[in-house]
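Shown next, in structure tokens, is the structure this report addresses.
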Amino acid sequence: MTPRKDLLDIASLSNEEIEFVLANAAPFKDLFRRSVKKVPPLRGRTVLTLFYEPSTRTRSSFEVAASRLSADVTHFDVEFSSVVKGESILDTVETLEAMQLDYIVVRHKQAGIPNLIARNTAASVINAGDGWHAHPTQALLDAFTAREVLEDLRGRRALIVGDIQHSRVARSTSLIFRRLGMEVAYLAPGSLMPRQIPDEITTFGNWQDAFDWKPDIVYLLRVQSERLDEPFFPSATEYHNNFGLTDARLKVLNDRKLWLMHPGPVNRGVEITDAGMNYERSLINQQVENGIAVRMSVLYWLRPGAAPVA
Amino acid sequence: MTPRKDLLDIASLSNEEIEFVLANAAPFKDLFRRSVKKVPPLRGRTVLTLFYEPSTRTRSSFEVAASRLSADVTHFDVEFSSVVKGESILDTVETLEAMQLDYIVVRHKQAGIPNLIARNTAASVINAGDGWHAHPTQALLDAFTAREVLEDLRGRRALIVGDIQHSRVARSTSLIFRRLGMEVAYLAPGSLMPRQIPDEITTFGNWQDAFDWKPDIVYLLRVQSERLDEPFFPSATEYHNNFGLTDARLKVLNDRKLWLMHPGPVNRGVEITDAGMNYERSLINQQVENGIAVRMSVLYWLRPGAAPVA
Amino acid sequence: MTPRKDLLDIASLSNEEIEFVLANAAPFKDLFRRSVKKVPPLRGRTVLTLFYEPSTRTRSSFEVAASRLSADVTHFDVEFSSVVKGESILDTVETLEAMQLDYIVVRHKQAGIPNLIARNTAASVINAGDGWHAHPTQALLDAFTAREVLEDLRGRRALIVGDIQHSRVARSTSLIFRRLGMEVAYLAPGSLMPRQIPDEITTFGNWQDAFDWKPDIVYLLRVQSERLDEPFFPSATEYHNNFGLTDARLKVLNDRKLWLMHPGPVNRGVEITDAGMNYERSLINQQVENGIAVRMSVLYWLRPGAAPVA
């Protein structure tokens, strides 16, 4: 396995690399059961978070992951920074490059920015979400979580529900699920279904057909509230009635012992009901915990100067 | 002494627990005279600050306390977080719970939120101020400070002055003072005096009567500037003239060698004059220093997995 | 060399002190070529950043420098803090003093504030820029950078270009350059040239005369965009045409092998063109890297309890 500098998307990973990251996440997760949850491999390394789009949850997850590997974490506060002063992203990256950072964790609302940054720095760049493009650590934690309950994913089925069109989670997670042998289907209103969909992905316009397909996992996407103002999006209530996990649909999940996933944070009453939040086979909190373990595994894997794995 | 998970208020503490926290704060304070002010007991533990109400001073105090115990500190930036996206507090707590944090330090403008959070997480929750309810680490540092100058507090008298009605400091500090054997009196305008006051607390409507009561400590509360717009509050000047520590009243403190306390930050010209800030027996800065030592003691006391104290 | 508590400006430093800081920066910079970029001398010390004016770059530089010396760093968030509540700077400093901090790194838009703070705290105060007055760590990093390419600075010439009048960088950097034996000239529009200039500094009103003076280094100052609204400042385009480093002027730098410096962040199209950003002898990124090394050296030099250097 050739050492790799950046994690930009799932598409560019080999199966071997995916398996390496998933395999190493397990011992990191075991660490969380101990009172000292910290190990030394990244001591003296600096992780900088560069979030052009706020996401307290994702940023905290990376920060805790880096701290548990003994790295130093610094936040580059873009809102106060030279972005306001009109500095371009590449000028910022040149500055960061000169600071001899080890990692830059970047989120940006525009697709491709992490790739642009990665080409212009020797630091390891980790894409923490770029526009509608990719969110690879989310995909890796989703795969890790799905395997915890289903073990071998081959031949299993995941139904991804919601605003597929604007979702980097849908893109990255459906890709890793398929790479690990799952079948994937999308359930979405026509206005939120992408025009181009890989042939091997099935699409549904209503829950009944989707349930008939017999998924093992139901993966609800977050409704972006910004979207609710736009013409192609129904009202929150209409969305809930047509595409949300109503209590009636939750009963189907329960009867069939289906697993429930969501990238968080949830909109109660839109994607999901209060009852859904307490569903016995919900993996939502497990996804959060696994997020830290998987991000530790990614940071460990990309560590500068790492010897190639034999 | 049974191990305890959370510090939510003073009322629920036993005398033994109060004494334990106060006793352990002293060696931590001694540490501040050394060049290396750090000890290892919380190495590898994660302290998360969750401040729904800004307070740089209190948050910094906890952060420095945690760092000096070798813990990792992370701030959950509520203003940018999913709170904006409509996520409820409990959903945030579920997320934090899944992150396997060791401590959550919470401030919220609504009373009872820390208790709600504590019931929903295995992490140790420390109340850093909730509405008008409680501010237990403030009370503990006040007690520690009062003891530094008065030693045994039994039979001593503390006069608490100002907006008693809306003050969690008044509530928590008057309680711990009485638990340690002090007599407490309130001095406040009628509009800012609570309707229900414990029988053993004396109340005054003017300084003359309060001075006649012969307090050992005069504890000024902070005037919340937000309050100045409200109808039941006099103007800043009127407040100062009637209830502030004017230079004439400061002279009384000086003549009688009374101690002066204030939780900070002060409003010069409202609660206190410039001369009052330089008063020889002011304990205001000592309170800040002791705040870090006491918070270290609280973090140490609650540490997960701590063996019960023999 | 007498131990010193604060770094407030270049003027108060002895030549011996300047040489000491510059000499120690080199081994710190060497550290950046290693995978573990961290050394232990400030373990257990606390560095607090107190920025009344935002500057992500400078604050991050100090934060990374402190972390690489194993110090704990805490940010005092002035925007949310008691400043809003009307607390004076000195009251804030009294509070910080009581926290037993080791270092306070301060930036303020008003000249003299770091000096005021330094007189009121036992902590080491480092001026990270105050109004038009001083920015001593910028000057030290500029001197370190200039020496990396020119070695002995004696008899060399630096041309500083731009808004001299309002620039603390111009003030501090021109001073250290002259202290190290360089000749300094200013190139600026009349409205941005200070009225009182030391006799030994030459002034120019156009590039042609400045080039005839045969500088070794061209140091462009940042145009503060706030300034563009003011009457004494030309438009961005007019500024660029008259005082910016146009491609034609860049050709002169290239032909004569002149070095280019800028404190960052740059305004592309104002002080500099895209071609200028890629200029072979640009030291701009080297300045950023050296900024961390020099700040490590300053922190190390001022460390509390340091034995006097023999």
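The values are calculated or read from the model by the stated rules, or taken from the named source; none is laboratory data. Model, not experiment: these values are computed from the prediction. Don't worry about glycine lacking a Cβ; one is built from the backbone with ideal geometry, like all the others, and counts go over all protein chains shown. What goes into the accessible areas is simple: the full protein's heavy atoms, side chains included, and nothing from ligands, DNA or RNA. Shrake-Rupley method; radii C 1.70, N 1.55, O 1.52, S 1.80 Å.
One table, with the values for the structure above:
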| item | result |
| --- | --- |
| FRET efficiency estimate (nearest 0.05) - Cβ-Cβ, C:Ser88 to C:Ser14, R0 35 angstrom | 0.60 |
| Cross-link partners of B:Lys251 among aspartates and glutamates (Cα-Cα below 12 Å; sequence separation of 8 or more within a chain) | B:Glu280 |
| Accessible-area value, A:His240, 1.4 Å probe, nucleic acids and ligands omitted, Å² | 30 |
| Residues losing 20 Å² or more accessible surface upon assembly, the range B:86-132, compared with the chain by itself, 1.4 Å | B:Glu87, B:Asp91, B:Glu94, B:Thr95, B:Ala98, B:Met99, B:Gln100, B:Asp102 |
| Spatial separation of Cα centroids for the range C:88-115 and the range B:1-69, in angstrom | 24 |
| Pseudo-label separations to other copies for A:Asp199 - Cα-to-Cβ vector, 7 Å, nm | 8.8, 8.8 |
| FRET efficiency, 1/(1 + (r/R0)^6) with R0 51 Å, evaluated for A:Arg43 and C:Thr203 via beta carbons | 0.50 |
| Spin-label pair A:Asn278/B:Asn242, simplified geometry with 7 Å Cα→Cβ offset, distance in nm | 5.0 |
| Nearest residue to the symmetry axis between A and B, taken on chain A by its Cβ, in whole Å | A:His75, 5 |
| Shape category assigned to the range C:33-72 from the gyration tensor of Cα positions, a/c cut at 1.5 | oblate |
| Copy-to-copy label separations for C:Gly112, where each label sits 7 Å from Cα toward Cβ, in nm and ascending | 5.3, 5.3 |
| Cleavage-rule hits, trypsin sites (Lys or Arg not before Pro), the range B:88-150, DSSP coil, Cβ neighbours within 10 Å at most 15 | B:Lys109 |
| Exercise: per-residue mean of other protein chain Cβ atoms within 10 Å, B:67-78 | 4 |
| 10 Å Cβ neighbours from other chains, averaged over peptide B:261-272 | 3 |
| Calculated FRET value between C:Asp30 and A:Arg268, using beta carbons and R₀ = 51 Å, to 0.05 | 0.40 |
| Ascending list, in nanometres, of distances separating the A:Ala23 label from those of the other copies (7 Å, Cα toward Cβ) | 5.3, 5.3 |
| Rounded, prolate or oblate (a/c below 1.5 giving rounded, otherwise prolate when a/b exceeds b/c) for the protein assembly as shown by Cα gyration tensor | oblate |
| ³J(HN,Hα) computed for each position of the range A:28-36 - Karplus, 6.51 cos²θ - 1.76 cosθ + 1.60, integer Hz, glycine/proline x | 5, 5, 4, 4, 5, 7, 9, 6, 9 |
| Average accessible area per residue (Å²) across the protein assembly as shown - probe 1.4 Å, nucleic acids and ligands excluded | 37 |
| The range B:161-260: trypsin sites (Lys or Arg not before Pro) falling in loop per DSSP and having at most 11 other Cβ within 10 Å | B:Arg195, B:Lys257 |
| Solvent-accessible surface ranking, highest first, for B:Thr203, B:Thr145 at 1.4 angstrom | B:Thr203, B:Thr145 |
| The range A:234-279 and the range B:246-310: distance between their alpha carbon centers, rounded to Å | 51 |
| Low-density loop cleavage sites - trypsin sites (Lys or Arg not before Pro) in the range A:16-67, where at most 16 other Cβ are within 10 Å (DSSP) | A:Arg33, A:Arg34, A:Arg43 |
| Area hidden from solvent between A and C (accessible, protein heavy atoms only, 1.4 Å, total, Å²) | 2400 |
| Average beta-carbon neighbours from other chains, 10 Å sphere, peptide B:25-35 | 2 |
| Accessible area of the protein assembly as shown belonging to carbon and sulfur atoms, whole % at 1.4 Å probe | 49 |
